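**Student:** I have a structure I would like to understand better, so I am pasting it below and will then ask my questions one at a time.
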Amino acid sequence: MTQRKEHVVGDLSEFPENSHKVVKVGRREIGIFNIGGEFYGLPNICPHQTGPLCEGKTTTGTLVARKVNDWRFEWDYEGEIVACPWHGLEYHVPTGRCLAFSNIELRTYEVVVEDGKVKVRV
Amino acid sequence: MLHSVTVVHPVFPFNLHVFETEFGRHICGHTFSIMANLVHMISSGVPVRYPQLRIALTEVGISWVPFLMNRMDKEYLERRREIPILEERPSHYMKKFFYATQPVEEPENLRDLVTLMNLYDGEDTTIFASDWPHHDFDHPSKVHQIPFSNEVRRKVFGDNALRLFKIDAQGRRLNL
């Protein structure tokens, strides 16, 4: 396996808690998410129709319904859901899982913070 | 068993009263009513809440099935939040329902019906139905003319119904 390369994408101060932004690494566009101090990276391309999925303004939670709660609607995953601005397809940022289509899972990029720098491993 | 006539309403979901002909009413009444009921059944999560429930749609033919599946999947993509009870795309559940053939469509090329059934993976879920003695009954010979493989023909003319009604090959009821 080829070794992933680390790329500095900015200072920590550019990625305040509960925000995200799209950075460019070579030819890739990667959404860097800071959710409660944890960092995640997702490709900025929606497998549905190639929309810029990480350019949605905010991450939110979403509605779920589960048997354990008698199928009542509940708000869950607060701050962990990004919806593609084109058609609204929702993704769970920490895992890359598409909520509507269980067979779609985005690749995730490892994002680390070292010495006040945010780095993504590609 | 969702039967189209029992769900027909003169106004909802289609304004049947605007038609001057039975031709128009009969085309739209049955199919659009059953589609409206099915959409509601899916959006309220019936197949998720009752995974053992076997659902059959009768007296609507089969050509609308691929349309509704694709239409629902497309809408689901944008509106999953409205129906978070679903764990899979709507077509996943629709493919598990049973579909009775009558009034079977009669395209000029009967092979089109084989293609159509393939669009909803219907070989294990499509069941011959006659609706005898109604005016629009289908004689078995018409469905028999569809160029199915012998295996699929056997399923459509018997095996699938046995599964729906839980009857074994010797005619014993399995759900008593």
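**Student:** Please work out which residue is nearest to A:V25 (Cα to Cα), limiting yourself to the range A:44-61 and to residues that are among the β-branched types (V, I, T) and surrounded by fewer than 19 Cβ atoms within 10 Å (Cβ to Cβ). Give the steps one after another, and end with the answer.
**Tutor:** Restricting attention to the range A:44-61, the residues satisfying the condition of being among the β-branched types (V, I, T) are A:45, A:50, A:58-60.
Okay, now just the ones that are also surrounded by fewer than 19 Cβ atoms within 10 Å (Cβ to Cβ), so A:45, A:50, A:58, A:60.
Numbers: A:I45: 14, A:T50: 18, A:T58: 22, A:T60: 26 Å.
If we take residues in the range A:44-61 being among the β-branched types (V, I, T) and surrounded by fewer than 19 Cβ atoms within 10 Å (Cβ to Cβ), then A:I45 is nearest to A:V25 (Cα to Cα).
**Student:** Could you list, in sequence order, all residues of the range A:1-43 that are part of a loop (DSSP other than H, G, I, E, B) and either of a type outside the set (F, W, Y) or surrounded by fewer than 19 Cβ atoms within 10 Å (Cβ to Cβ) (or both)?
**Tutor:** If the condition is that a residue be part of a loop (DSSP other than H, G, I, E, B) and either of a type outside the set (F, W, Y) or surrounded by fewer than 19 Cβ atoms within 10 Å (Cβ to Cβ) (or both), then A:M1, A:T2, A:Q3, A:R4, A:K5, A:P16, A:E17, A:N18, A:G26, A:R27, A:G36, A:G37 are the ones that fit.
**Student:** Could you look through the range A:59-80, keep only residues that are part of a strand (DSSP E or B) and among the aromatic types (F, W, Y), and pick out the one that is nearest to the other protein chains (Cβ to nearest Cβ)? Can you show your working first?
**Tutor:** So the first thing to find is which residues in the range A:59-80 are part of a strand (DSSP E or B), and the list is A:60-65, A:73-80.
When the remaining residues are screened for being among the aromatic types (F, W, Y), the result is A:73, A:75, A:77.
Working: A:F73: 6, A:W75: 10, A:Y77: 11 Å.
Checking each candidate, the answer is A:F73.
**Student:** Got a sec? Which of B:V114, B:V143 is touching a residue at least 24 places away in the same chain (Cβ under 8 Å) and more than 16 Å from B:V60 (Cβ to Cβ)?
**Tutor:** On inspection, the qualifying residue turns out to be B:V114.
**Student:** Filter the range B:141-168 down to the residues that are surrounded by fewer than 11 Cβ atoms within 10 Å (Cβ to Cβ) and either hydroxyl-bearing (S, T, Y) or more than 18 Å from B:R54 (Cβ to Cβ) (or both), then identify the one that is modelled with the lowest pLDDT. Working first, answer last.
**Tutor:** At the first step, the residues of the range B:141-168 found to be surrounded by fewer than 11 Cβ atoms within 10 Å (Cβ to Cβ) are B:141, B:149-151, B:168.
Subsequent filtering for residues that are either hydroxyl-bearing (S, T, Y) or more than 18 Å from B:R54 (Cβ to Cβ) (or both) retains B:141, B:149-151.
Details: B:S141: 93, B:S149: 96, B:N150: 96, B:E151: 97.
Top of the filtered list is B:S141.
**Student:** Mind checking which residues of the range A:44-53 are in contact (Cβ under 8 Å) with a residue 12 or more places away in the chain and assigned to a loop (DSSP other than H, G, I, E, B)?
**Tutor:** A:N44, A:I45, A:C46, A:P47, A:H48, A:Q49, A:G51, A:P52 - these are the residues of the range A:44-53 that are in contact (Cβ under 8 Å) with a residue 12 or more places away in the chain and assigned to a loop (DSSP other than H, G, I, E, B).
**Student:** With respect to B:V60, determine if the residue is assigned to a helix (DSSP H, G or I), among the β-branched types (V, I, T), under 15 Å from the mean Cα position of the chain (by Cα) and farther than 21 Å from A:E74 by Cα.
**Tutor:** No, not satisfied.
**Student:** Follow-up. Pick from the range A:81-99 the residues that are in a strand (DSSP E or B) and in contact with a Gly (Cβ under 7 Å, 6 or more places away or on another chain): which of them is farthest from the other protein chains (Cβ to nearest Cβ)? I'd like the intermediate steps shown before the answer.
**Tutor:** Looking only at the range A:81-99, we keep the residues that are in a strand (DSSP E or B), and these are A:81-83, A:90-92, A:97-98.
Checking the rest, the ones that are also in contact with a Gly (Cβ under 7 Å, 6 or more places away or on another chain) come to A:81-83.
Values: A:I81: 10, A:V82: 13, A:A83: 9 Å.
Applying the filter and picking the extreme gives A:V82.
**Student:** Can you go through B:Y93, B:Y99, B:Y76 and tell me which one is over 18 Å from B:D121 (Cα atoms) and either assigned to a helix (DSSP H, G or I) or out of contact with any Cys (no Cβ under 9 Å at 6 or more places or on another chain) (or both)?
**Tutor:** Selected residue: B:Y76, the only one of B:Y93, B:Y99, B:Y76 that is over 18 Å from B:D121 (Cα atoms) and either assigned to a helix (DSSP H, G or I) or out of contact with any Cys (no Cβ under 9 Å at 6 or more places or on another chain) (or both).
**Student:** Using the structure shown, decide if B:E123 is within 30 Å of A:S102 (Cα to Cα), of a type in the set (D, E) and more than 14 Å from every other protein chain (Cβ to nearest Cβ).
**Tutor:** Spelling it out, B:E123 is indeed within 30 Å of A:S102 (Cα to Cα), of a type in the set (D, E) and more than 14 Å from every other protein chain (Cβ to nearest Cβ).
**Student:** Looking at the range B:98-106, is at least one residue closer than 30 Å to A:D70 by Cα and in contact (Cβ under 8 Å) with a residue 40 or more places away in the chain? Spell out the reasoning first.
**Tutor:** Taking the range B:98-106 as the starting set, the residues that turn out to be closer than 30 Å to A:D70 by Cα are B:98-99.
Right, trim to in contact (Cβ under 8 Å) with a residue 40 or more places away in the chain and you get B:98-99.
Yes, because at least one residue in the range B:98-106 is closer than 30 Å to A:D70 by Cα and in contact (Cβ under 8 Å) with a residue 40 or more places away in the chain.
The values are calculated or read from the model by the stated rules, or taken from the named source; none is laboratory data. Please read all numbers here as calculations on a predicted model, not as lab measurements. All Cβ positions, glycine included, derive from the backbone under ideal geometry; neighbour counts span all protein chains shown.
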